[in-house]
Each structure stands twice: as C-alpha cells, then as structure tokens.
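*Asks:* Before we start, here is the structure in question, set down as structure tokens.
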Amino acid sequence: MKILSIQSGIFGDHSNSTQLVKQVVDKLSREAENVIVTERDLSTQPLPYFDAEVAMALNSDAPNRTAAQQKIVALSDLLIEEVKEADAIVLGLPMYNFGIPAQMKSWFDLLARAGVTFTYTEQGPKGLLADKPVYVVAARGGVHQGQPSDSQTPFIRTILGFIGLQDVRIVYVEGLNMGDSAKAESLSKFETELVEFA
C-alpha cells in the first residue's frame, strides 16, 4: 500500500495538523502490509506560487518551453505522479485566517492541469485521476464546522472532485486554541473517531 502524506502546517512537527496526520498515517499503516509512505511537507519544501510564469508554463507546448518552464512542468508532473501512485492520500489542513494554507493552494494549482488531471466536456469538467480515499484532517484553533466561516472544506471537496478524487473523508479537530480543556476534549474525540475515520 502506498500512502501520500501532505503536510502544510507552518510550525512543522509542532503543528497540530502535522501531528494528527502522522496518527492517521500510523493507523492506516498498521492495517496494511508492505506500506510505503511518501511525505511531502509543503512548508519545508515550498512550491512556486501560481503567477503568470507558472500559468504560461503549465499551458505551454513542450517544444516551445523555456528552461524555466520545463522546470515548472517537471515539478507539476512529479506532484501529479505522487498522487497517481498513491493508494490513499492524507492531507493535513490547518486553518489560517479562515482559509487553506497558501502553500497547499500552490500544491493544488500545480495539480490542476487541463488535459492531464481534468478536461472540459459538453457536460462540464471531468476529473481524469482515478478515485481513491483522501483523508483530510481539518485542524482549527476555533470552531467552524458547518459555519459560514468554514471556507476550507467546501473548497477541498470541490478542487479534489474537479481532478477526479471524490472519496474525500474529513475529520474535524477544532477548538485547539480555546484552552487546555477544549483542546484535550477535541484530541480525545479525534482518537475515538480515528478508528472509524481511517
């Protein structure tokens, strides 16, 4: 079994989301044989932001690409291949200022490639990646599940579905900055839900 672990907490191993992702990966690893885990930490391995240069590179014809564009496309190809090869994906999703981390947005921008991971049809867009479980750990300092302040999880479901990944399983770990008691209760709830979640 191949697991792709995507971490985006800006505090590395001290990020709640990073620690929770490791628990999910450990749980999945215990229930399978010959597990190979690919880890990508988007904070320590930053990706280029989606700007005009990146957009032109991803939409250019191979024979006409500059050296800089070839480098961008090669990176995008690598990220897409990691997703294709994985049997399951685990995403650590901290909330910063009500949105997804900028570095995770860059990851999605490099994954969404017309003709590679999605295409447009007369019926609308169609994802081209084979579906697989995507475990999303939504770690928040406050409480946002089901509230207008949660712009994250609708976006995550939309962008993943856009490229073909429909089996999205989200667990919410909230109130982590609302005092020791609230944090302990949330983490305890997560450990209980982990049995069913993963």
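*Asks:* How do the peptides 31-42, 89-100 rank, highest first, by the average count of neighbouring beta carbon atoms within 10 Å per residue?
*Replies:* For the peptides 31-42, 89-100, the packing ranking is 89-100, 31-42.
*Asks:* Using only the Cα atoms of the chain, what do you get for the radius of gyration and for Dmax, in Å?
*Replies:* 17.4, 59
*Asks:* Now for a separate question. Can you compute log10 of I(q)/I(0) for the range 83-157 with the Debye formula, treating each Cα as one identical point scatterer, at q = 0.13, 0.16, 0.23, 0.27 Å⁻¹?
*Replies:* So the normalised log intensities work out to -0.48, -0.71, -1.15, -1.30.
*Asks:* Name the lysines eligible as straight-distance cross-link partners of Lys27: C-alpha to C-alpha under 24 Å, and not fewer than 8 places from it in the same chain.
*Replies:* Hits, sequence-local ones excluded: Lys2, Lys84, Lys132, Lys183, Lys189.
*Asks:* Return a whole-number percent for the relative contact order of the chain, with Cα pairs under 8 Å and 6 or more residues apart as the contact set.
*Replies:* Computed over the chain, the figure is 22 percent.
*Asks:* Sorted by packing (mean other beta-carbon atoms within 10 Å per residue), highest first, where do 75-85, 187-197 land?
*Replies:* Peptide ranking by packing, descending: 75-85, 187-197.
*Asks:* Next question. Only helices at least 20 Å long along their axis, Cα-based, and averaging -1.0 or more on Kyte-Doolittle count here, so list those DSSP H runs from the chain.
*Replies:* Those that pass (Cα extent of 20 Å or more, hydropathy at least -1.0) are 16-30, 67-85, 180-197.
We did not get these values from a lab; they are worked out from the coordinates using the rules stated. All values reported here derive from a predicted model rather than from experimental measurement. Glycine also receives a Cβ, built like all others from the backbone with ideal geometry; neighbour counts cover every protein chain displayed.
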